[in-house]
Structures are given as structure tokens and as C-alpha cells.
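Readers should treat all values here as calculations from the given coordinates under stated rules, not as data from a laboratory. These figures come from a predicted structure and were not determined experimentally. Here the Cβ is made from the backbone with ideal geometry for all residues, glycine too, and neighbour counts use every protein chain on show.
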Amino acid sequence: MNTFAQCYFEDNAGDTQRCPFKEEDTIYLLSFAIIMLNTDLHKSCRESRKTIKRMTKVEFISNLKGVAQGEDINRDYLSVAFDSIAADPIAMHDSNLMGKSASEDRQRTLQDMLNNVRSGDALLRGLAVHDFNFASIGDFAASLEYKGQDALSDLTRSCVAKTWHQWHGVVNTGLETAHLDPQGMEPCVEILLYALSITTLLDMPTERAAFLAQLGRLKAFEERRHGRWVTTHEQLFHNEDWYLKLEQACAGTKARKLWALREIRTWMVSLQSALQVDVQNKVEMARAVLKLKEGDFLLLDPGRSFVRDGDLVKRSGRTGRSTPYRFFLFSDVLLYASGESNGRYKMHEELPLHLMKVTDWFPASQKKRDVTFEVHHPRKKFQVVCNSVGERKEWVQDIRAAIKGEMVRKMKMEAARLAAHG
């Protein structure tokens, strides 16, 4: 949010229609207020049968009194913001669910990337300020009397020196949103790989250092994604052995350069495979959530993944009553829902996995014991009857694996919290 406020203020300061603010702190506060408004106007009321009182425009404007360094924000500006959020809520959309082809989806990804870097006009203004004079290979060969390969190397070096910051900007954009959009990281990894290769082989130390720093950020993101990196300081990779070794190799002999690039490529190929798995998990998550009425909140946690769902029977531990439900297992929560006439499911209960235990052993006298398992949770205790022995084994195995994974994630999060507080 700090970064957004800073960038928005820098890009729009002076434009009284888009940015009628004198301080970027005002943008920071207003942004949070808009997020809270969006949640209030469009939040689910499934946990209560009572009608929820939504925030009114008057209340929204009143809540922001004096936030602009003691002054009020223009009422018309706030009124337009309120009407916009009321009519069109902020929501995450997944293009994979809209039946688009791979080429259309790729085109949308590329367009989103282009929209997040400088426009063509901004690039041309930058070139004019810096007096970048692009030349052809013919110009090089004629004016400097170079021969083929030498002219090609110098021409490539000249082009990279004048455009590398655009590549750098694209990768930065991907890194900033990597936790929300793993699919957008795939082309960024390719760009970074080629950028490191060309700046290393052409001996461009300044540009190479900038892209190596992005490699460090990318590796830090990957370590945190797997819960293996608990420190919060993103620049610590500068002192790590792997980074120092690569940095020295990239500045060394040709053989050392090639070794470094092979190491980088091997790791990046592995990362791309992992990102593809993440993208598939995201698609499966969205498909599962589409089945659930008011289930969009499940998409708010980028670390959550879908495991499985199925029609099972819940047997109450108190009354013994059996009720059919659709069970959904996610990486951190088990929920069950009842079917509706429109083909979707209305959620009945959500149970966090880190507090759960599952048993699948019962006395020989119990009916259907071979297809039954029992869920123990502080909020609920009940038995689940499956359709076959094989299905019961699969559900128990998947739930136990998810519980173990969630417990490990919770412990690492706690370790990170303790490390951050000294």
C-alpha cells in the first residue's frame, strides 16, 4: 500500500481530477478506506440470517473527515469513488475460467505486463532526454570499419544499454505481484534469464548487477513460497554464498561465465515447472469456488490450494442423524455444503485443518465401519460415510496430508513472526 500510494502520487500529482491531494499519506489512507468500503458493501452475510447494515455514502465521507493533513477531501471525488465501488466491486478474475484459448490468455498476460511498464510515449521521451542514437549494423561496419562479429557484438551492446531498463521494469512488475499472479511470473523468468545471459556475455557490469539483484529477489520469493526462508529482509541475499559465487563467476573468465549461466538456467527451469503447477492449482481453486455460493472469500488467500471434493454423508455425533453433503477439502480448511436447485452449493460449516484430527478405526460392531472416518474438531465432532473403502482411504490420506502441511506452514509462520520481532 505504501508503494502504491507513492507511485500514484508521483504519477498523478498536479492532476486535480485524478489526484486532488497534497500529500501521498492521504492516498494511503483513502486506499485503505476504499478497501474497507468494498468489503463492507459486498461482504458475505452467510454466517448470519440477519440483514447486514451496509455503509452509506454519508458515513463513508464522514469517516474521512480531516485525513488530508487536517483538511477534508473533495466530497464530489469521494462520492464518485463510493458510487464506483458500489456498482463494480473489486474482485479477482481468472481468465482461464472464461473458456479462452491459450493464445488469447497469453495475449492478455502480455498486455497486462505492457500496461504496467512505461507507455510508448514515455519511452520516446526518455530516449529524447538521454539522446539515444540507435544505429544499424551497417552504420557500425561503415563508420568504425568493424567486421561482422565485432560489429554485431557492439551493436547488441549498444541496444541493450539503451533498453535494459525496460526489461528490468517488466521483471520488477512481475516480482511485485508474484504472490498473487504466478502465471505472470513465467514470462518474467524468461526475460530475466535472457537479460542475465546477454549482459554477462557482453561484459556489461552495471546492467548485469541489476539483473542479478532481481535474481536474488526471485530466489527469495521462491524460498518464502515454500516456507524455507523466514527472514523478512529481502536484500540479505547479497551476503549469501550462492549469490557471491555467481557474482564472481559472471565477472570472471568465459568458462566461469558459462558455468554461472548453466547454474542459473538449471534453477530457472525448475522454477518454471513449479510456477506451472501453481497456475494449475489456481485454476482448480477457481473452479472449485465456482461451485460454492458466496465462496469468493476462499480466493483471498494466495497460499490456499484445492485438494478434492465429493458427495459424502455426515453422521451427527450427537443425534446420529445422517445428512448428505458436498465436502470440499482445501490445503487449510475442510468445509461441507448442501446442494441447491441451481447446481451450486450453500456452505454449512468450515473447519480449519490445524485444529483437526481424523480417525478411521472403529469397533467391529459399528455399521459401515470400513467406509467411515471420524472428524475431531473443537467446534464439531462427526462421522463421514464414504461410498467405498477406496474412497474412504483416499479422503483420510488427503486430509491427514493437508493437516500436516498446514501445521508445518503455521509453525514456519510463527518462526518468521518471532524472527521479525527479534
FRET efficiency (R344, S153; Cβ distance; R0 60 Å; to 0.05) is 0.45
Lys and Arg at +1, Asp and Glu at -1: add these up for the other residues within a Cβ distance under 14 Å of R369 and post the number. +2
Report the label-to-label distance for R318 and T163 in nanometres (one decimal), using points 7 Å from each Cα along the Cα→Cβ vector. 6.9
Which FRET efficiency value, to the nearest 0.05, do you get for E23 and L202 by plugging their Cβ-Cβ distance into 1/(1 + (r/R0)^6) with R0 = 51 Å? 0.70
What shape does the stretch 337-377 have by the C-alpha gyration tensor, where a ≥ b ≥ c are the square roots of the eigenvalues, rounded means a/c under 1.5, and otherwise prolate means a/b greater than b/c and oblate the rest? oblate
Honestly the stretch 293-422 on the Cα gyration tensor test (a ≥ b ≥ c root eigenvalues; a/c under 1.5 rounded, otherwise a/b vs b/c for prolate or oblate) is just oblate
Near K254, which lysines are there with a Cα under 29 Å away, not counting those fewer than 8 places off in the same chain? K147, K162, K219, K245
Chain lengthening between A86 and E263 when straightened (0.36 nm per residue, less Cα-Cα): 58.6 nm
Where a ≥ b ≥ c are the square roots of the eigenvalues of the C-alpha gyration tensor, would you call the stretch 2-87 rounded, which needs a/c under 1.5, or, failing that, prolate if a/b is larger than b/c, or oblate? prolate
Show me the chymotrypsin sites (Phe, Trp or Tyr not before Pro) within the stretch 292-386 that DSSP assigns to loop and that have at most 14 other Cβ atoms within 10 Å of their Cβ. W361
Sort 37-43, 201-207 by the packing proxy (mean of other Cβ within 10 Å over each peptide's residues), most packed first. 37-43, 201-207
For V307, other-chain or 5+-apart residues with amide H closer than 5 Å (H placed, Pro excluded) are L329, F330, S331
How many nm separate the modelled label positions at M36 and C7, each set 7 Å beyond the Cα in the direction of the Cβ? 2.4
Along Cα→Cβ, 7 Å out, is where each label goes; now give me the distance between the ones at K245 and F297 in nm to one decimal. 4.7
